[in-house]
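S.K.: Structure in structure tokens, see below.
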Amino acid sequence: MTPAEIRDEILDILEDIAPDEDLGDLKDEVAFREQLELDSMDFLDIVMELRKRHRVQVPEEDYGQLASMQSTVTYLTPLMKDLQKA
Amino acid sequence: MYDTIIIGAGMSGLAAGIRLAHFNQRVCVLERHYTIGGLNSFYRLGGRDYDVGLHAVTNFTPKGAKKGPLARLLRQLRFKWEDFSLSPQIGSTIAFPDVQLQFGNGLELLEAEIAAKFPAQKDAFQQLLAKIIDYDDLDENNFGGSTRAVLSATISDPLLIEMLLCPLMWYGNAREHDMDFGQFCIMFRSIFMEGFARPFAGVRLILKNLVRRFRSLGGELKLRSGVERIKVKDGKAIGVVLDSGEELEGRRILSSAGLVETIRLCEDITEVDEQQAGQMSFTESISILDKQPKQLGFDRTIVFYNDSDTFHWQRPTDALCDMRTGVICSPNNYMYDESDGDLPDGVIRITTIADSDRWMALSEDEYKLEKLRWYDRTIASAVRFIPDFRGHVIDTDMFTPNTIRRFTWHDNGAVYGAPEKRLDGTTHLPNLFLCGTDQGFVGIIGSIVSGISIANQHCLRE
Ligand SMILES: Cc1cc2nc3c(=O)[nH]c(=O)nc-3n(C[C@H](O)[C@H](O)[C@H](O)COP(=O)(O)OP(=O)(O)OC[C@H]3O[C@@H](n4cnc5c(N)ncnc54)[C@H](O)[C@@H]3O)c2cc1C
């Protein structure tokens with residue numbers, strides 16, 4: 001997957017977790033927490049969905065890397081580059 | 001072999017099941033009753049639909065709200081706000097002999113009422129609000145502590161203290177007399193700061209959504225499948241034996257049956273401390289009217305009444321029921337969509353505190369007689385606070401602690417479970433967990449959140 005595809009995938013997960021959110025003007029460099037009011041339960045869900053959909057394991061000490069779209073894509077790029085987009 | 005076996009198809013068990021099935025676990029929900037819902041089920045009688053428990057779905061926040069338990073559970077279960085079809089209340093009342101406080105969804109009306117009726121307490125009430133807002137419901141460590149102590153340190157008028165406690169204890173306090181401060185804050189937010197709503201179709205709509213989702217994710221639901229025993233080997237739960245004798249294996253077990261009730265099922269335990277079980281049980285008297293309550297001059301959604309200046313929250317000590325306090329609910333009095341119209345019948349439901357031991361000790365004939373007697377007394381007590389509707393009753397139903405026990409198997413027919421909660425959901429076995437009432441969160445929304453959070457904490461992290 002390319003970084004752009006990974007970004008789409010994260011958007012898809014966010015849409016799934018928070019269907020009432022407007023994700024159209026999400027700013028990639030600003031923390032999700034500031035834009036979307038996600039709580040700790042929701043963050044766990046991003047991790048769980050990555051595991052469910054792509055078998056990507058994010059260890060607990062790396063959860064901080066998923067703070068914004070930009071940092072998430074950067075963090076996931078090496079982990080997901082060999083995966084095919086579904 | 002299941003990844004997780006869940007005991008109980010009430011709100012908490014079904015919610016936990018959805019979480020686990022969504023993340024590809026093999027899950028089975030086992031329910032002893034022939035239907036789902038537990039303490040908040042539904043039934044049909046004499047051609048009419050009834051709800052067992054539903055007065056109000058608490059924690060109501062409007063579409064688009066991102067904070068609070070309702071928003072949280074919708075996200076976690078991947079439901080849309082519309083899926084629960086919640087219509088907000090018209091307005092509710094705390095009715096004591098000389099003072100009434102009205103409240104609606106959101107704090108505004110209650111604040112105005114307190115300012116008008118307890119002007120000297122206006123600032124004290126703001127101080128109390130600050131304490132409630134500071135309380136962190138995800139931190140278990142400050143859950144305990146006496147609410148009465150906090151209230152009397154803040155508010156100097158004892159009547160206001162009793163009036164605030166009345167609805168909050170009624171809708172979620174397992175402890176007699178006093179309340180854990182954490183529970184008080186949770187209930188205060190859910191009732192006074194968020195609010196009440198109801199689906200036009202009643203609780204069946206919520207339950208059917210939960211079950212449909214659970215099944216569509218591959219979850220298995222087995223009704224008439226009571227767990228008779230939890231099998232234990234080398235200090236771990238390894239599966240369950242059903243009432244039928246059938247055995248199922250599971251890597252872990254999540255039980256919503258209650259703490260004492262669950263521990264009693266474990267093979268390795270010979271004696272349980274039954275004193276730990278909850279004591280607060282209720283009767284519910286349902287009257288079907290030939291008119292909408294509004295046509296009789298009654299438009300309140302919920303009325304919490306108490307007939308003196310002191311509110312007594314305890315199991316009755318000298319009679320089957322306590323007639324001093326109760327809750328009156330009219331499911332008609334919600335702001336339903338115009339397209340829904342009115343409910344087919346007028347309905348008034350009244351809850352009173354009951355002594356389960358006394359109810360349980362009656363013979364079958366006495367039981368029938370006492371039900372009639374206490375239905376009449378309950379209505380007579382309630383019409384001191386609302387218009388007398390007795391000339392308009394065309395059908396009735398009543399249930400008692402015996403009914404609750406018979407269909408949910410909770411000790412003492414306790415509705416809010418044990419006073420000592422197991423907030424972390426653990427038991428003496430490393431792979432047996434508790435969710436629902438005895439874990440800590442009560443009510444429809446509370447128990448759904450409980451199922452979700454225990455599933456997340458203990459069943460999904462590996
Ligand atoms: C009269 C009344 C009015 C209420 N009104 C409201 C209201 O207006 N608003 C609100 O929010 N809440 C209300 N509640 C409270 C709410 O219904 C409960 O807090 C909630 O439903 C509890 O859900 P639970 O999953 O924790 O427990 P339960 O619903 O009790 O679920 C436990 C399930 O486990 C099953 N079970 C037990 N033992 C076994 C076994 N050995 N094997 C298999 N299955 C077993 C039981 O049959 C039950 O279905 C009311 C309750 C009552 C009784």
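S.K.: Of B:269, B:238, B:253, which residue is assigned by TED's automatic domain parsing to the domain that holds residue B:433 and at pLDDT below 95?
M.R.: Result: B:269 is the single residue among B:269, B:238, B:253 that is assigned by TED's automatic domain parsing to the domain that holds residue B:433 and at pLDDT below 95.
S.K.: For residue B:63, are the conditions met, namely being in a helix (DSSP H, G or I) and of a type in the set (Lys, Arg)? If you could, list the steps in order and put the result at the bottom.
M.R.: On the way: in a helix (DSSP H, G or I): no; of a type in the set (Lys, Arg): yes.
Judged against the criteria, residue B:63 is not a match.
S.K.: May I ask you to say which residue of B:192, B:196, B:200, B:214 is touching a residue at least 60 places away in the same chain (Cβ under 8 Å) and surrounded by fewer than 18 Cβ atoms within 10 Å (Cβ to Cβ)? Explain how you work it out, then say what you get.
M.R.: Details: B:192 fails: surrounded by fewer than 18 Cβ atoms within 10 Å (Cβ to Cβ); B:196 fails: surrounded by fewer than 18 Cβ atoms within 10 Å (Cβ to Cβ); B:214 fails: surrounded by fewer than 18 Cβ atoms within 10 Å (Cβ to Cβ).
Among B:192, B:196, B:200, B:214, only B:200 is touching a residue at least 60 places away in the same chain (Cβ under 8 Å) and surrounded by fewer than 18 Cβ atoms within 10 Å (Cβ to Cβ).
S.K.: Then there's this: Among the residues of the stretch B:260-292, how many are of a type in the set (S, T, N, Q) and over 22 Å from residue B:376 (Cα atoms)?
M.R.: 5
S.K.: What residue, of B:264, B:251, is out of contact with any Leu (no Cβ under 9 Å at 6 or more places or on another chain) and under 21 Å from residue B:23 (Cα atoms)? Talk me through it step by step, then tell me what you get.
M.R.: Numbers: B:264 fails: under 21 Å from residue B:23 (Cα atoms).
That would be B:251, the only listed residue that is out of contact with any Leu (no Cβ under 9 Å at 6 or more places or on another chain) and under 21 Å from residue B:23 (Cα atoms).
S.K.: Looking only at residues in the stretch B:68-77 that are free of Cβ contacts under 8 Å to residues at least 60 places away in the same chain and either within 7 Å of another protein chain (Cβ to nearest Cβ) or touching a Pro at 6+ places or on another chain (Cβ under 9 Å) (or both), which one is nearest to residue B:198 (Cα to Cα)? Step through it out loud before you land on a result.
M.R.: Here is the first cut: in the stretch B:68-77, the residues free of Cβ contacts under 8 Å to residues at least 60 places away in the same chain are B:71, B:74-75.
Checking which are either within 7 Å of another protein chain (Cβ to nearest Cβ) or touching a Pro at 6+ places or on another chain (Cβ under 9 Å) (or both) leaves us with B:74-75.
Numbers: B:74: 16, B:75: 19 Å.
Checking each candidate, the answer is B:74.
Yes/no matrix, rows are residues, columns are (1) within 30 Å of residue B:246 (Cβ to Cβ); (2) part of a loop (DSSP other than H, G, I, E, B):
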site	(1), (2)
B:25	yes, yes
B:32	yes, yes
B:39	yes, no
B:49	no, no
B:71	no, no
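S.K.: Output yes when any residue across the stretch B:445-461 is open to solvent by less than 30 Å² (accessible area, probe 1.4 Å), of a type outside the set (A, V, I, L, M, F, W, C), part of a helix (DSSP H, G or I) and more than 14 Å from chain A (Cβ to nearest Cβ), and no when none is.
M.R.: The answer is yes; a qualifying residue exists.
S.K.: With the requirement that a residue be open to solvent by 20 Å² or more (accessible area, probe 1.4 Å) and over 20 Å from residue B:459 (Cβ atoms), what does the stretch B:244-260 give you?
M.R.: B:244, B:245, B:246, B:247
S.K.: Being open to solvent by less than 70 Å² (accessible area, probe 1.4 Å), more than 8 Å from chain B (Cβ to nearest Cβ) and within 24 Å of residue B:69 (Cα to Cα) narrows it down to one residue among A:17, A:6, A:46; which is it? Walk me through how you get there before you give the answer.
M.R.: Numbers: A:17 fails: more than 8 Å from chain B (Cβ to nearest Cβ); A:6 fails: within 24 Å of residue B:69 (Cα to Cα).
After applying the criteria, what remains is A:46.
S.K.: Which count do you get for residues in the stretch B:224-259 that are outside any strand (DSSP E or B) and either touching a Lys or Arg at 6+ places or on another chain (Cβ under 8 Å) or away from the ligand (no atom under 11 Å from the Cβ) (or both)? So that I can check it myself, show each step before the final result.
M.R.: Of the stretch B:224-259, the ones outside any strand (DSSP E or B) are B:224-226, B:234-235, B:243-246, B:256-259.
Keeping just the survivors that are either touching a Lys or Arg at 6+ places or on another chain (Cβ under 8 Å) or away from the ligand (no atom under 11 Å from the Cβ) (or both) gives B:224-226, B:234-235, B:243-246, B:259.
Count: 10.
S.K.: Could you check, for the stretch B:381-389, whether at least one of its residues is over 24 Å from residue B:235 (Cα atoms), of a type outside the set (A, V, I, L, M) and assigned to a helix (DSSP H, G or I)? Steps first, answer last, please.
M.R.: First pass over the stretch B:381-389, keeping only residues over 24 Å from residue B:235 (Cα atoms): B:381-389.
Applying the additional criterion that residues be of a type outside the set (A, V, I, L, M) yields B:381, B:384-385, B:387-389.
Checking which are assigned to a helix (DSSP H, G or I) leaves us with B:381.
Yes, there is a match, as at least one residue in the stretch B:381-389 is over 24 Å from residue B:235 (Cα atoms), of a type outside the set (A, V, I, L, M) and assigned to a helix (DSSP H, G or I).
S.K.: Among (1) open to solvent by less than 60 Å² (accessible area, probe 1.4 Å); (2) touching a helix residue (DSSP H, G or I) at 6+ places or on another chain (Cβ under 9 Å), which single condition is residue B:298 missing?
M.R.: Going through (1) open to solvent by less than 60 Å² (accessible area, probe 1.4 Å); (2) touching a helix residue (DSSP H, G or I) at 6+ places or on another chain (Cβ under 9 Å) one by one, residue B:298 breaks only (2).
Condition check ((1) in contact (Cβ under 8 Å) with a residue 12 or more places away in the chain; (2) within 25 Å of residue B:42 (Cα to Cα); (3) more than 12 Å from the ligand (Cβ to nearest atom); (4) basic (Lys, Arg)) across all residues:
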{"site": "B:348", "(1), (2), (3), (4)": "yes, yes, yes, no"}
{"site": "B:353", "(1), (2), (3), (4)": "yes, yes, no, no"}
{"site": "B:385", "(1), (2), (3), (4)": "yes, no, yes, no"}
{"site": "B:431", "(1), (2), (3), (4)": "yes, no, yes, no"}
{"site": "B:440", "(1), (2), (3), (4)": "yes, yes, no, no"}
{"site": "B:446", "(1), (2), (3), (4)": "yes, yes, no, no"}
{"site": "B:456", "(1), (2), (3), (4)": "yes, no, yes, no"}
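S.K.: Continuing with the same structure: Can you say whether residue B:406 is within 15 Å of the ligand (Cβ to nearest atom), modelled with pLDDT under 95 and open to solvent by 40 Å² or more (accessible area, probe 1.4 Å), as far as the supplied structure shows?
M.R.: Numbers: within 15 Å of the ligand (Cβ to nearest atom): yes; modelled with pLDDT under 95: yes; open to solvent by 40 Å² or more (accessible area, probe 1.4 Å): yes.
Yes; evaluated as a whole, the condition is true for this residue.
S.K.: Just checking, does the stretch B:33-52 include any residue being within 16 Å of the ligand (Cβ to nearest atom), open to solvent by 20 Å² or more (accessible area, probe 1.4 Å), of a type in the set (Ser, Thr, Tyr) and in contact (Cβ under 8 Å) with a residue 40 or more places away in the chain?
M.R.: Looking for residues that are within 16 Å of the ligand (Cβ to nearest atom), open to solvent by 20 Å² or more (accessible area, probe 1.4 Å), of a type in the set (Ser, Thr, Tyr) and in contact (Cβ under 8 Å) with a residue 40 or more places away in the chain, one finds at least one in the stretch B:33-52, hence yes.
The values are calculated or read from the model by the stated rules, or taken from the named source; none is laboratory data. What you are looking at is a predicted structure, and each value in this text was computed from that prediction instead of being measured. When we count neighbours, we look across all protein chains shown, and the Cβ atoms used for this are built from the backbone with ideal geometry, even at glycine. Ligands, DNA and RNA are stripped out before the accessible areas are found, and what is left, the full protein with its side chains, is counted by its heavy atoms. Shrake-Rupley method; radii C 1.70, N 1.55, O 1.52, S 1.80 Å.
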